[in-house]
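Encoded as structure tokens, the structure appears first; notes follow it.
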Amino acid sequence: MTSKTKTLEGLTARWPGIFVAIAALGVATAVQAATAADQLYERTLMTSADARCRLFKPGVGSALDAARAQARGATLRSGASEAQVTALEARAQSKAGAAPCNSRDLTTAADRVRKAFDGYSTMLRMTYPGDRATWQADRSVSATIPIWRLSQPAGFGADRLVFGLEGRANQMRAVVVFADAAQPYTARLVLRDTLRTQGPYLNARNAKGLAANAAPRNASRVFGAETRDSAPVTLLPAGAKTGLSFRFPRDAIDAMSRLDPREAATLEFVFTGRAGQDVVRRAYVEVGDFAAGRAFLR
């Protein structure tokens, strides 16, 4: 970790030599000259400057914020700790706060950001690959047809689901199909509690699947589903004809956005067993670039 620490600490001495090509956003290949930490520092600095000085149109500003969130995830995946990343972001915010809004450096940097992100801000779809799973983001909206705006499919045993944000209101849902036509009476979303833990639980990350990267129950927040309905056909897993839809509270969206991209969220589907006791089936989704995808939708 020593070399990564030096890299992170060495970024505060310079103004960004802005900025990036579209490829650096994850569409193709990353810009070779910049590390993930470089990109996080630069993008955090410019999003902070934009919040104070209103440098960009909303579309460019949201595109920049999505790229910042993706760089944050890449920096964590590279081995930096949450504390190191938070400190890096704080230094970038401090430097942005010290720059006059009409300074030459800031004006030059803002011009380069506009050129880099103007085209990106008009894109309708993005793919965010993770270690084990992929988020698909879609800015399209429909007044009449429910569609996924940010989604990740998952399988658990013979059962299948799609999880993510749906519709114009970006509601968090899990749409699930059970191979045996079982009918759970509720669902729960279990996420690590960032206020009670110092970081993610990454146990044997490359050996045991996503379940090994889910936080234990005593270190988690549990969000119960607010609704249970028949799922619209447009939200079902590929090839499915019927399924159930569970909607989760909006607080769960913010909670998931704060998690490490390498960890897993747990979905629990609860059934009434033969003896009256609860029977639970569990599925796991990778947090990945959920925060970046959410920012992209804005």
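The values are calculated or read from the model by the stated rules, or taken from the named source; none is laboratory data. All values reported here derive from a predicted model rather than from experimental measurement. Glycine also receives a Cβ, built like all others from the backbone with ideal geometry; neighbour counts cover every protein chain displayed.
Side notes on the structure shown:
- Of all residues in the range 176-205, those satisfying the criterion of being assigned to a strand (DSSP E or B) and either closer than 30 Å to residue 79 by Cα or in contact with a Pro (Cβ under 7 Å, 6 or more places away or on another chain) (or both) are 177, 189, 190, 191, 192.
- Taking the listed residues 107, 86, the one that is in a helix (DSSP H, G or I), more than 22 Å from the chain's Cα centre (by Cα) and hydroxyl-bearing (Ser, Thr, Tyr) is 107, with no other qualifying.
- Those residues of the range 137-162 which are surrounded by fewer than 18 Cβ atoms within 10 Å (Cβ to Cβ), touching a helix residue (DSSP H, G or I) at 6+ places or on another chain (Cβ under 8 Å) and aliphatic (A, V, I, L, M), in sequence order: 145, 147
- Those residues of the range 105-136 which are acidic (Asp, Glu) and under 23 Å from residue 256 (Cβ atoms), in sequence order: 131
- So residue 140, is it without any contact (Cβ under 8 Å) to a residue 24 or more places away in the chain, in the same structural domain as residue 284 (by TED's automatic domain parsing) and among the hydroxyl-bearing types (Ser, Thr, Tyr): yes
- Any hit, the range 80-90, residues being over 30 Å from residue 199 (Cβ atoms), of a type outside the set (A, V, I, L, M, F, W, C) and at pLDDT 90 or above: no
- Residues in the range 120-136 that are surrounded by 14 or more Cβ atoms within 10 Å (Cβ to Cβ) and of a type in the set (S, T, N, Q): 121, 134, 136.
- Scanning the range 63-95 for residues that are crowded, with 19+ Cβ neighbours inside 10 Å and not aliphatic (A, V, I, L, M) yields 65, 68, 70, 72, 73, 75, 84, 89, 95.
- Here residue 55 fulfils each of the conditions (1) assigned to a helix (DSSP H, G or I); (2) among the hydrophobic types (A, V, I, L, M, F, W, C); (3) modelled with pLDDT of 90 or more apart from (1).
- Those strands (runs of 3 or more DSSP E) lying entirely in the range 240-298 with at least 2 residues aliphatic (A, V, I, L, M): 264-272, 278-286
- Looking only at the range 206-219, and only at residues there that are small (Gly, Ala, Ser) and within 24 Å of residue 178 (Cα to Cα), the one that is modelled with the highest pLDDT: 214
- Out of 176, 222, 162, sole residue that is under 26 Å from residue 86 (Cα atoms), at pLDDT 95 or above and β-branched (Val, Ile, Thr): 222
- Given (1) at pLDDT below 90; (2) exposed (fewer than 14 other Cβ atoms within 10 Å of the Cβ), index of the condition residue 98 fails: (1)
- Only one of 216, 237 that is touching a residue at least 40 places away in the same chain (Cβ under 8 Å) and either closer than 29 Å to residue 167 by Cβ or surrounded by fewer than 20 Cβ atoms within 10 Å (Cβ to Cβ) (or both): 237
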